[in-house]
Amino acid sequence: MAGPDFDLVVIGAGPGGYVAAARAAALGMKVACVEREERLGGVCLRVGCIPSKALLDSSELYAAARERLAEHGVGVGKVTLDLAALRARKDRVVAELTDGVRKLLERGGVEVVRGVGRLAGPASVEVSPGRGKKKAVLSGRAVLLATGSEPVDVGAFPADGKRIVTSTEALDFDAVPKRLGIVGGGYIGLELGSVWARLGSEVTVIEALPRVAATADGQVGRALERSLRKQGLSFRLKTRVVEAKASSRGVKAVLEDEGGKRETFSCDRLLVAVGRRPLTRGLGLGEAGIAPDPRTGRIPVDTSYRTRVPTVFAVGDLIDGPMLAHKASAEGVAAVEGLAGLPGEVSYDSIPSVIYTHPEAASVGLTEEQLKERGISYRSGTYPFGGNGRARCLGETEGFAKVLAHRASGRLLGVHIVGPRASDLIAEAVLAVELGVGAEALARTVHAHPTFPEVLMEAAAAAARSG
(Lines give C-alpha, C1' and ligand atoms only; values in the text may rest on other atoms or scores of the structure.)
Protein backbone atom coordinates (compact mmCIF):
# COMPACT_ATOMS: atom_id res chain seq x y z
CA MET A 1 0.00 0.00 0.00
CA ALA A 2 1.34 3.42 -0.96
CA GLY A 3 2.40 5.75 1.82
CA PRO A 4 1.47 9.42 2.26
CA ASP A 5 2.44 12.00 -0.34
CA PHE A 6 4.34 14.11 2.19
CA ASP A 7 5.87 13.95 5.63
CA LEU A 8 4.25 17.29 6.47
CA VAL A 9 1.47 19.35 4.89
CA VAL A 10 1.33 22.96 6.10
CA ILE A 11 -1.80 25.07 5.64
CA GLY A 12 -0.79 28.72 5.50
CA ALA A 13 2.38 30.41 4.24
CA GLY A 14 2.62 33.15 6.86
CA PRO A 15 5.40 33.58 9.45
CA GLY A 16 4.35 30.39 11.24
CA GLY A 17 3.74 28.29 8.15
CA TYR A 18 6.56 29.17 5.78
CA VAL A 19 9.21 29.14 8.52
CA ALA A 20 7.95 25.74 9.71
CA ALA A 21 7.93 24.41 6.15
CA ALA A 22 11.49 25.61 5.51
CA ARG A 23 12.75 24.11 8.78
CA ALA A 24 11.00 20.78 8.13
CA ALA A 25 12.54 20.61 4.66
CA ALA A 26 15.97 21.37 6.13
CA LEU A 27 15.46 18.43 8.49
CA GLY A 28 14.95 16.15 5.51
CA MET A 29 11.16 16.02 5.39
CA LYS A 30 9.12 16.06 2.21
CA VAL A 31 6.91 19.13 2.66
CA ALA A 32 3.95 20.77 0.97
CA CYS A 33 2.76 24.27 1.88
CA VAL A 34 -0.79 25.26 0.91
CA GLU A 35 -1.52 28.97 0.43
CA ARG A 36 -4.67 30.66 -0.84
CA GLU A 37 -3.14 34.05 -1.65
CA GLU A 38 -1.08 34.86 -4.73
CA ARG A 39 1.83 36.12 -2.65
CA LEU A 40 3.43 34.14 0.15
CA GLY A 41 4.23 35.58 3.56
CA GLY A 42 0.81 35.78 5.19
CA VAL A 43 -0.97 38.79 6.62
CA CYS A 44 2.21 40.04 8.31
CA LEU A 45 4.20 40.36 5.12
CA ARG A 46 1.44 41.22 2.67
CA VAL A 47 -0.93 43.53 4.60
CA GLY A 48 0.44 43.83 8.14
CA CYS A 49 3.86 44.14 9.73
CA ILE A 50 5.91 44.89 6.64
CA PRO A 51 3.76 47.40 4.71
CA SER A 52 2.88 49.24 7.92
CA LYS A 53 6.56 49.60 8.83
CA ALA A 54 7.36 50.82 5.34
CA LEU A 55 4.69 53.51 5.73
CA LEU A 56 5.85 54.36 9.25
CA ASP A 57 9.43 54.85 8.09
CA SER A 58 8.44 56.93 5.08
CA SER A 59 6.07 59.11 7.09
CA GLU A 60 8.72 59.58 9.78
CA LEU A 61 11.20 60.84 7.19
CA TYR A 62 8.55 63.21 5.81
CA ALA A 63 7.83 64.57 9.28
CA ALA A 64 11.55 64.93 10.04
CA ALA A 65 12.13 66.86 6.82
CA ARG A 66 9.30 69.23 7.68
CA GLU A 67 9.93 69.68 11.39
CA ARG A 68 13.36 68.53 12.56
CA LEU A 69 16.06 68.92 9.93
CA ALA A 70 16.31 72.69 10.41
CA GLU A 71 17.66 72.27 13.94
CA HIS A 72 20.52 70.23 12.45
CA GLY A 73 21.28 73.06 10.04
CA VAL A 74 19.80 71.26 7.06
CA GLY A 75 17.61 73.37 4.83
CA VAL A 76 15.41 71.55 2.35
CA GLY A 77 13.02 74.25 1.14
CA LYS A 78 9.37 73.41 0.74
CA VAL A 79 8.68 69.79 1.61
CA THR A 80 6.00 68.08 -0.47
CA LEU A 81 4.26 64.72 -0.19
CA ASP A 82 3.96 62.33 -3.14
CA LEU A 83 1.56 59.79 -1.68
CA ALA A 84 1.57 57.68 -4.84
CA ALA A 85 5.37 57.31 -4.66
CA LEU A 86 5.18 56.50 -0.94
CA ARG A 87 2.61 53.76 -1.61
CA ALA A 88 4.63 52.43 -4.56
CA ARG A 89 7.72 52.11 -2.38
CA LYS A 90 5.69 50.22 0.21
CA ASP A 91 4.42 47.85 -2.48
CA ARG A 92 7.97 47.27 -3.77
CA VAL A 93 9.19 46.34 -0.31
CA VAL A 94 6.33 43.87 0.08
CA ALA A 95 6.91 42.39 -3.39
CA GLU A 96 10.63 41.92 -2.79
CA LEU A 97 10.09 40.19 0.54
CA THR A 98 7.25 37.94 -0.62
CA ASP A 99 9.40 36.94 -3.57
CA GLY A 100 12.16 36.14 -1.09
CA VAL A 101 9.83 33.76 0.77
CA ARG A 102 8.97 32.02 -2.50
CA LYS A 103 12.65 31.55 -3.32
CA LEU A 104 13.37 30.31 0.21
CA LEU A 105 10.77 27.55 -0.10
CA GLU A 106 11.79 26.67 -3.64
CA ARG A 107 15.47 26.34 -2.66
CA GLY A 108 14.47 24.14 0.25
CA GLY A 109 12.45 21.81 -1.94
CA VAL A 110 9.08 22.72 -0.41
CA GLU A 111 6.18 22.16 -2.81
CA VAL A 112 3.94 25.23 -2.75
CA VAL A 113 0.34 24.32 -3.54
CA ARG A 114 -2.00 27.17 -4.46
CA GLY A 115 -5.56 27.07 -3.17
CA VAL A 116 -7.75 26.96 -0.08
CA GLY A 117 -6.80 24.11 2.24
CA ARG A 118 -9.04 22.29 4.70
CA LEU A 119 -8.68 19.14 6.73
CA ALA A 120 -10.04 16.11 4.88
CA GLY A 121 -9.03 13.64 7.55
CA PRO A 122 -6.58 13.19 10.42
CA ALA A 123 -3.60 13.47 8.07
CA SER A 124 -4.90 14.75 4.76
CA VAL A 125 -5.72 18.16 3.29
CA GLU A 126 -8.20 18.98 0.56
CA VAL A 127 -7.10 21.88 -1.64
CA SER A 128 -9.60 23.91 -3.66
CA PRO A 129 -7.56 25.83 -6.26
CA GLY A 130 -10.42 27.98 -7.52
CA ARG A 131 -13.43 28.00 -9.81
CA GLY A 132 -13.24 25.56 -12.67
CA LYS A 133 -10.21 23.74 -11.32
CA LYS A 134 -10.15 20.25 -9.87
CA LYS A 135 -9.74 19.79 -6.13
CA ALA A 136 -6.75 17.86 -4.88
CA VAL A 137 -6.16 15.87 -1.72
CA LEU A 138 -2.69 15.86 -0.16
CA SER A 139 -1.87 13.13 2.34
CA GLY A 140 0.81 13.55 4.97
CA ARG A 141 2.19 11.94 8.07
CA ALA A 142 1.27 15.17 9.83
CA VAL A 143 -0.58 18.42 9.14
CA LEU A 144 0.37 21.82 10.54
CA LEU A 145 -2.32 24.51 10.75
CA ALA A 146 -0.87 28.02 10.42
CA THR A 147 -3.65 30.13 8.92
CA GLY A 148 -3.15 33.13 11.22
CA SER A 149 -5.87 35.64 12.09
CA GLU A 150 -8.25 38.23 10.67
CA PRO A 151 -9.55 41.60 11.93
CA VAL A 152 -12.42 41.50 14.39
CA ASP A 153 -15.52 42.95 12.78
CA VAL A 154 -17.79 45.13 14.90
CA GLY A 155 -21.33 43.97 14.26
CA ALA A 156 -22.90 47.37 14.89
CA PHE A 157 -20.87 48.96 12.09
CA PRO A 158 -19.19 46.37 9.84
CA ALA A 159 -16.35 47.52 7.62
CA ASP A 160 -17.29 48.37 4.04
CA GLY A 161 -13.68 48.71 2.85
CA LYS A 162 -14.19 52.31 1.75
CA ARG A 163 -15.29 54.60 4.57
CA ILE A 164 -15.34 52.16 7.48
CA VAL A 165 -12.13 50.20 7.03
CA THR A 166 -9.82 47.60 8.54
CA SER A 167 -6.05 47.87 8.78
CA THR A 168 -5.74 46.35 5.30
CA GLU A 169 -7.48 49.28 3.60
CA ALA A 170 -5.80 51.81 5.93
CA LEU A 171 -2.45 50.76 4.47
CA ASP A 172 -3.47 51.89 1.02
CA PHE A 173 -5.55 55.08 1.19
CA ASP A 174 -5.33 56.91 -2.14
CA ALA A 175 -5.53 60.28 -0.37
CA VAL A 176 -4.70 61.56 3.09
CA PRO A 177 -7.97 61.71 5.05
CA LYS A 178 -8.68 65.15 6.48
CA ARG A 179 -10.15 63.54 9.59
CA LEU A 180 -9.41 59.95 10.54
CA GLY A 181 -11.20 58.21 13.38
CA ILE A 182 -9.65 55.08 14.87
CA VAL A 183 -11.61 52.63 17.00
CA GLY A 184 -9.08 50.94 19.27
CA GLY A 185 -5.95 52.21 20.99
CA GLY A 186 -3.83 49.08 20.61
CA TYR A 187 -0.65 48.80 18.59
CA ILE A 188 -2.43 48.65 15.21
CA GLY A 189 -4.46 51.78 15.86
CA LEU A 190 -1.51 53.72 17.28
CA GLU A 191 0.86 52.76 14.46
CA LEU A 192 -1.53 53.54 11.62
CA GLY A 193 -2.73 56.65 13.42
CA SER A 194 0.88 57.81 13.59
CA VAL A 195 1.35 57.28 9.86
CA TRP A 196 -1.63 59.35 8.78
CA ALA A 197 -1.14 62.03 11.44
CA ARG A 198 2.39 62.66 10.16
CA LEU A 199 1.07 62.87 6.62
CA GLY A 200 -1.50 65.48 7.59
CA SER A 201 -4.61 63.79 9.00
CA GLU A 202 -6.43 65.00 12.07
CA VAL A 203 -6.44 61.71 13.98
CA THR A 204 -8.76 60.81 16.86
CA VAL A 205 -8.28 57.50 18.68
CA ILE A 206 -11.37 56.19 20.47
CA GLU A 207 -10.59 53.66 23.19
CA ALA A 208 -13.01 52.00 25.64
CA LEU A 209 -10.30 51.40 28.24
CA PRO A 210 -8.79 54.09 30.51
CA ARG A 211 -5.53 54.14 28.54
CA VAL A 212 -4.02 53.24 25.21
CA ALA A 213 -1.49 50.43 24.74
CA ALA A 214 -3.26 48.59 27.54
CA THR A 215 -0.97 45.55 27.46
CA ALA A 216 2.18 47.65 27.90
CA ASP A 217 3.74 48.59 31.22
CA GLY A 218 1.61 51.40 32.62
CA GLN A 219 4.47 53.89 32.90
CA VAL A 220 5.44 53.22 29.28
CA GLY A 221 1.85 53.48 28.06
CA ARG A 222 1.34 56.83 29.75
CA ALA A 223 4.60 58.21 28.35
CA LEU A 224 3.68 57.03 24.86
CA GLU A 225 0.25 58.64 25.06
CA ARG A 226 1.77 61.97 26.15
CA SER A 227 4.20 61.87 23.25
CA LEU A 228 1.51 61.06 20.69
CA ARG A 229 -0.69 63.87 22.02
CA LYS A 230 2.18 66.29 21.46
CA GLN A 231 2.38 65.03 17.88
CA GLY A 232 -1.24 65.99 17.32
CA LEU A 233 -3.16 62.77 17.93
CA SER A 234 -6.33 63.16 20.00
CA PHE A 235 -7.57 60.48 22.39
CA ARG A 236 -11.08 59.77 23.60
CA LEU A 237 -10.56 57.31 26.45
CA LYS A 238 -13.25 55.42 28.36
CA THR A 239 -15.36 55.94 25.26
CA ARG A 240 -16.92 53.50 22.82
CA VAL A 241 -18.50 53.76 19.39
CA VAL A 242 -22.07 52.51 19.63
CA GLU A 243 -22.96 53.04 15.98
CA ALA A 244 -21.49 54.41 12.78
CA LYS A 245 -23.00 55.13 9.38
CA ALA A 246 -21.05 55.70 6.20
CA SER A 247 -22.03 57.87 3.25
CA SER A 248 -20.31 59.20 0.17
CA ARG A 249 -19.15 62.19 2.22
CA GLY A 250 -17.74 60.37 5.24
CA VAL A 251 -18.72 58.66 8.47
CA LYS A 252 -20.96 59.79 11.31
CA ALA A 253 -20.44 57.87 14.54
CA VAL A 254 -22.16 57.99 17.89
CA LEU A 255 -19.75 57.97 20.85
CA GLU A 256 -20.70 57.06 24.40
CA ASP A 257 -18.54 57.80 27.44
CA GLU A 258 -18.44 55.78 30.65
CA GLY A 259 -21.23 57.89 32.11
CA GLY A 260 -23.57 57.08 29.24
CA LYS A 261 -23.34 60.53 27.63
CA ARG A 262 -23.55 60.38 23.84
CA GLU A 263 -22.31 62.67 21.10
CA THR A 264 -21.87 62.61 17.34
CA PHE A 265 -18.41 62.31 15.84
CA SER A 266 -17.72 62.91 12.14
CA CYS A 267 -14.71 61.84 10.10
CA ASP A 268 -13.74 61.09 6.51
CA ARG A 269 -12.76 57.50 7.30
CA LEU A 270 -13.15 55.27 10.35
CA LEU A 271 -10.53 52.61 10.98
CA VAL A 272 -11.77 49.70 13.09
CA ALA A 273 -8.75 48.29 14.95
CA VAL A 274 -10.27 46.51 17.94
CA GLY A 275 -8.23 43.34 17.59
CA ARG A 276 -7.90 40.14 15.61
CA ARG A 277 -9.36 36.64 15.86
CA PRO A 278 -8.07 33.22 14.77
CA LEU A 279 -8.81 32.45 11.13
CA THR A 280 -10.38 29.01 11.42
CA ARG A 281 -13.30 29.42 8.99
CA GLY A 282 -13.39 26.64 6.42
CA LEU A 283 -10.55 24.65 7.98
CA GLY A 284 -12.78 21.62 8.61
CA LEU A 285 -11.96 21.52 12.31
CA GLY A 286 -15.34 20.14 13.35
CA GLU A 287 -15.25 17.30 10.85
CA ALA A 288 -11.75 16.42 12.01
CA GLY A 289 -12.83 16.34 15.66
CA ILE A 290 -11.04 19.52 16.73
CA ALA A 291 -13.06 22.01 18.79
CA PRO A 292 -11.74 25.56 19.26
CA ASP A 293 -12.20 27.21 22.64
CA PRO A 294 -15.75 28.65 22.50
CA ARG A 295 -14.65 31.80 24.35
CA THR A 296 -11.47 32.72 22.46
CA GLY A 297 -11.76 30.79 19.21
CA ARG A 298 -8.23 29.44 19.80
CA ILE A 299 -7.30 25.83 19.09
CA PRO A 300 -6.14 23.93 22.21
CA VAL A 301 -2.74 22.26 21.80
CA ASP A 302 -0.29 20.45 24.06
CA THR A 303 3.33 21.44 24.68
CA SER A 304 4.30 19.88 21.35
CA TYR A 305 1.62 21.93 19.52
CA ARG A 306 -0.49 18.84 18.85
CA THR A 307 -4.24 19.24 18.77
CA ARG A 308 -6.55 16.57 20.15
CA VAL A 309 -5.98 14.81 16.81
CA PRO A 310 -2.37 13.53 17.23
CA THR A 311 -1.41 14.05 13.59
CA VAL A 312 -2.65 17.66 13.44
CA PHE A 313 -0.58 20.52 14.86
CA ALA A 314 -1.40 24.23 15.20
CA VAL A 315 0.74 27.32 15.80
CA GLY A 316 0.70 31.11 15.76
CA ASP A 317 -2.46 33.16 16.03
CA LEU A 318 -4.55 29.98 16.05
CA ILE A 319 -3.40 29.07 19.57
CA ASP A 320 -3.02 30.85 22.91
CA GLY A 321 -0.51 33.64 23.34
CA PRO A 322 0.24 37.01 21.78
CA MET A 323 -0.56 37.41 18.09
CA LEU A 324 2.99 38.17 16.98
CA ALA A 325 4.78 37.04 13.84
CA HIS A 326 7.98 36.08 15.66
CA LYS A 327 6.01 34.03 18.18
CA ALA A 328 4.38 32.12 15.30
CA SER A 329 7.75 31.48 13.64
CA ALA A 330 9.28 30.16 16.85
CA GLU A 331 6.31 27.85 17.40
CA GLY A 332 6.46 26.60 13.82
CA VAL A 333 10.11 25.67 14.24
CA ALA A 334 9.49 24.04 17.62
CA ALA A 335 6.57 22.01 16.26
CA VAL A 336 8.48 20.51 13.34
CA GLU A 337 11.59 19.90 15.44
CA GLY A 338 9.44 17.96 17.89
CA LEU A 339 7.95 16.04 14.96
CA ALA A 340 11.51 15.17 13.91
CA GLY A 341 12.37 13.91 17.39
CA LEU A 342 14.39 16.97 18.37
CA PRO A 343 13.89 19.05 21.55
CA GLY A 344 11.90 21.97 20.15
CA GLU A 345 10.50 24.54 22.56
CA VAL A 346 9.54 28.21 22.87
CA SER A 347 10.42 30.36 25.88
CA TYR A 348 7.28 32.43 26.34
CA ASP A 349 8.81 34.51 29.15
CA SER A 350 11.23 36.12 26.71
CA ILE A 351 9.09 36.99 23.69
CA PRO A 352 9.49 40.70 22.87
CA SER A 353 6.71 43.01 21.77
CA VAL A 354 7.06 46.34 19.97
CA ILE A 355 4.83 49.29 19.14
CA TYR A 356 6.39 51.03 16.13
CA THR A 357 5.27 54.56 16.87
CA HIS A 358 7.64 57.48 17.28
CA PRO A 359 9.03 57.10 19.87
CA GLU A 360 8.89 53.32 19.74
CA ALA A 361 7.82 51.23 22.71
CA ALA A 362 9.28 47.77 23.30
CA SER A 363 9.15 45.28 26.13
CA VAL A 364 9.99 41.78 27.30
CA GLY A 365 8.94 39.94 30.42
CA LEU A 366 6.53 41.10 33.10
CA THR A 367 5.15 44.60 33.56
CA GLU A 368 5.19 46.36 36.92
CA GLU A 369 1.43 45.87 37.18
CA GLN A 370 1.81 42.11 36.66
CA LEU A 371 4.50 41.90 39.33
CA LYS A 372 2.23 43.65 41.82
CA GLU A 373 -0.72 41.41 40.93
CA ARG A 374 1.42 38.31 41.53
CA GLY A 375 2.87 39.61 44.77
CA ILE A 376 6.46 39.38 43.51
CA SER A 377 8.97 41.52 45.38
CA TYR A 378 11.03 43.48 42.87
CA ARG A 379 13.45 46.32 42.27
CA SER A 380 12.86 49.01 39.65
CA GLY A 381 15.29 51.29 37.87
CA THR A 382 14.79 53.81 35.07
CA TYR A 383 17.05 56.03 33.01
CA PRO A 384 15.98 58.77 30.57
CA PHE A 385 17.16 59.14 27.01
CA GLY A 386 17.65 62.81 27.84
CA GLY A 387 20.73 61.78 29.84
CA ASN A 388 22.25 59.82 26.96
CA GLY A 389 24.93 61.42 24.79
CA ARG A 390 23.98 59.65 21.57
CA ALA A 391 20.34 60.62 22.01
CA ARG A 392 21.36 64.25 22.55
CA CYS A 393 23.46 64.23 19.38
CA LEU A 394 20.56 62.89 17.33
CA GLY A 395 18.00 65.12 19.01
CA GLU A 396 15.95 62.11 20.13
CA THR A 397 15.73 62.59 23.89
CA GLU A 398 12.16 61.54 24.63
CA GLY A 399 11.52 58.41 26.68
CA PHE A 400 13.34 56.08 29.06
CA ALA A 401 14.36 52.50 29.76
CA LYS A 402 12.91 50.67 32.74
CA VAL A 403 14.38 47.54 34.31
CA LEU A 404 12.47 45.34 36.76
CA ALA A 405 14.50 42.80 38.74
CA HIS A 406 13.74 40.27 41.46
CA ARG A 407 14.49 41.90 44.81
CA ALA A 408 16.36 38.95 46.32
CA SER A 409 18.18 37.41 43.36
CA GLY A 410 18.47 40.45 41.10
CA ARG A 411 17.35 38.36 38.10
CA LEU A 412 15.70 40.41 35.36
CA LEU A 413 11.92 40.02 35.33
CA GLY A 414 10.96 42.65 32.79
CA VAL A 415 12.47 45.38 30.62
CA HIS A 416 10.42 48.17 29.07
CA ILE A 417 11.70 50.89 26.75
CA VAL A 418 9.98 53.87 25.21
CA GLY A 419 12.27 55.95 23.06
CA PRO A 420 14.41 55.98 19.89
CA ARG A 421 15.41 52.59 18.46
CA ALA A 422 13.50 50.75 21.20
CA SER A 423 12.69 47.95 18.76
CA ASP A 424 16.41 47.28 18.34
CA LEU A 425 17.46 47.96 21.93
CA ILE A 426 15.05 45.35 23.29
CA ALA A 427 17.07 42.51 21.71
CA GLU A 428 19.77 42.77 24.38
CA ALA A 429 17.11 42.67 27.08
CA VAL A 430 15.46 39.63 25.49
CA LEU A 431 18.75 37.72 25.60
CA ALA A 432 19.35 38.82 29.18
CA VAL A 433 15.91 37.64 30.31
CA GLU A 434 16.27 34.38 28.39
CA LEU A 435 19.63 33.63 30.04
CA GLY A 436 18.50 34.63 33.53
CA VAL A 437 20.96 37.52 33.75
CA GLY A 438 20.81 39.76 36.82
CA ALA A 439 20.52 43.55 36.81
CA GLU A 440 24.00 43.87 38.32
CA ALA A 441 25.57 41.78 35.54
CA LEU A 442 23.83 43.82 32.85
CA ALA A 443 24.93 47.05 34.52
CA ARG A 444 28.57 45.88 34.68
CA THR A 445 28.62 44.81 31.02
CA VAL A 446 30.69 47.40 29.18
CA HIS A 447 28.68 49.23 26.52
CA ALA A 448 30.21 51.34 23.76
CA HIS A 449 30.03 55.10 24.29
CA PRO A 450 28.18 57.06 23.07
CA THR A 451 25.40 54.65 22.11
CA PHE A 452 21.71 54.18 22.82
CA PRO A 453 22.23 50.84 24.65
CA GLU A 454 23.89 52.75 27.48
CA VAL A 455 20.36 53.77 28.52
CA LEU A 456 19.59 50.12 29.24
CA MET A 457 22.89 49.72 31.12
CA GLU A 458 22.12 52.75 33.31
CA ALA A 459 18.56 51.57 34.01
CA ALA A 460 19.94 48.18 35.08
CA ALA A 461 22.41 49.95 37.39
CA ALA A 462 19.55 51.96 38.89
CA ALA A 463 17.58 48.77 39.51
CA ALA A 464 20.58 47.05 41.10
CA ARG A 465 21.09 50.02 43.47
CA SER A 466 17.42 50.48 44.40
CA GLY A 467 16.37 49.62 47.93
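The values are calculated or read from the model by the stated rules, or taken from the named source; none is laboratory data. In this text, all values refer to a predicted model and were calculated from it rather than measured experimentally. All Cβ positions, even for glycine, are placed from backbone atoms using ideal geometry, and neighbour counts span all protein chains on display. What goes into the accessible areas is simple: the full protein's heavy atoms, side chains included, and nothing from ligands, DNA or RNA. Shrake-Rupley method; radii C 1.70, N 1.55, O 1.52, S 1.80 Å.
Computed values, structure above
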quantity	calculated
Among (1) open to solvent by 30 Å² or more (accessible area, probe 1.4 Å); (2) in contact (Cβ under 8 Å) with a residue 24 or more places away in the chain; (3) not basic (Lys, Arg) - the single one Asp302 does not satisfy	(2)
Any hit, the range 212-231, residues being within 23 Å of the chain's Cα centre (by Cα), hydrophobic (A, V, I, L, M, F, W, C), within 20 Å of Leu61 (Cα to Cα) and surrounded by 14 or more Cβ atoms within 10 Å (Cβ to Cβ)	yes
Criterion (of a type in the set (Lys, Arg), out of contact with any Gly (no Cβ under 6 Å at 6 or more places or on another chain), closer than 30 Å to Ile188 by Cβ and buried (at least 16 other Cβ atoms within 10 Å of the Cβ)) met by exactly one of Lys90, Lys103	Lys90
Residue check, Val137 within 29 Å of Pro300 (Cβ to Cβ), surrounded by fewer than 24 Cβ atoms within 10 Å (Cβ to Cβ) and of a type in the set (A, V, I, L, M, F, W, C)	yes
Any hit, the range 251-274, residues being closer than 27 Å to Gly419 by Cα, open to solvent by 50 Å² or more (accessible area, probe 1.4 Å) and of a type in the set (Lys, Arg)	no
The one condition in (1) open to solvent by 40 Å² or more (accessible area, probe 1.4 Å); (2) in a loop (DSSP other than H, G, I, E, B) that Glu287 fails to fulfil	(2)
Residues within the range 178-190 that are under 29 Å from Val79 (Cβ atoms) and either β-branched (Val, Ile, Thr) or surrounded by fewer than 23 Cβ atoms within 10 Å (Cβ to Cβ) (or both), tallied	5
Residue check, Gly109 of a type outside the set (Val, Ile, Thr), more than 27 Å from Gly282 (Cβ to Cβ) and either over 24 Å from the mean Cα position of the chain (by Cα) or surrounded by fewer than 17 Cβ atoms within 10 Å (Cβ to Cβ) (or both)	yes
Selection status of Glu35, surrounded by 24 or more Cβ atoms within 10 Å (Cβ to Cβ), over 15 Å from Arg141 (Cα atoms) and over 17 Å from the mean Cα position of the chain (by Cα)	yes
Candidate set: the range 443-455, residues that are in contact (Cβ under 8 Å) with a residue 60 or more places away in the chain and in a helix (DSSP H, G or I); chosen: the one least open to solvent (accessible area, probe 1.4 Å)	Val455
The range 267-283 residues that are at positive phi, paired with ones that are among the β-branched types (Val, Ile, Thr) and assigned to a strand (DSSP E or B) (beta carbon under 9 Å, 6 or more apart)	Gly282/Val116
The lone exception for Arg23 - which of (1) more than 24 Å from Glu337 (Cβ to Cβ); (2) out of contact with any strand residue (DSSP E or B) (no Cβ under 8 Å at 6 or more places or on another chain); (3) of a type outside the set (Phe, Trp, Tyr) it fails	(1)
Candidate set: the range 352-378, residues that are in contact (Cβ under 8 Å) with a residue 60 or more places away in the chain and of a type in the set (A, V, I, L, M); chosen: the one surrounded by the fewest Cβ atoms within 10 Å (Cβ to Cβ)	Val354
Filter result for Gly332 (in contact (Cβ under 8 Å) with a residue 24 or more places away in the chain, open to solvent by 10 Å² or more (accessible area, probe 1.4 Å), outside any loop (DSSP other than H, G, I, E, B) and under 30 Å from Val101 (Cα atoms))	no
Single residue of the range 382-401 satisfying the filter (more than 27 Å from the chain's Cα centre (by Cα) and in contact (Cβ under 8 Å) with a residue 60 or more places away in the chain) that is surrounded by the most Cβ atoms within 10 Å (Cβ to Cβ)	Asn388
Residues (of a type in the set (A, V, I, L, M), in a strand (DSSP E or B) and closer than 10 Å to Asp153 by Cβ) located in the range 270-284	Val272
Selection count where residues are within 20 Å of Glu191 (Cβ to Cβ) and either free of Cβ contacts under 8 Å to residues at least 40 places away in the same chain or not hydrophobic (A, V, I, L, M, F, W, C) (or both), scope the range 220-253	11
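Yes or no, residue by residue, for (1) assigned to a helix (DSSP H, G or I); (2) farther than 30 Å from Arg23 by Cα; (3) modelled with pLDDT under 95:
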| site | (1), (2), (3) |
| --- | --- |
| Pro322 | no, no, no |
| Ala328 | yes, no, no |
| Val354 | no, no, no |
| Ala362 | no, no, no |
| Thr382 | no, yes, no |
| Glu396 | no, yes, no |
| Lys402 | no, yes, no |
| Val415 | no, yes, no |
| Ser423 | yes, no, no |
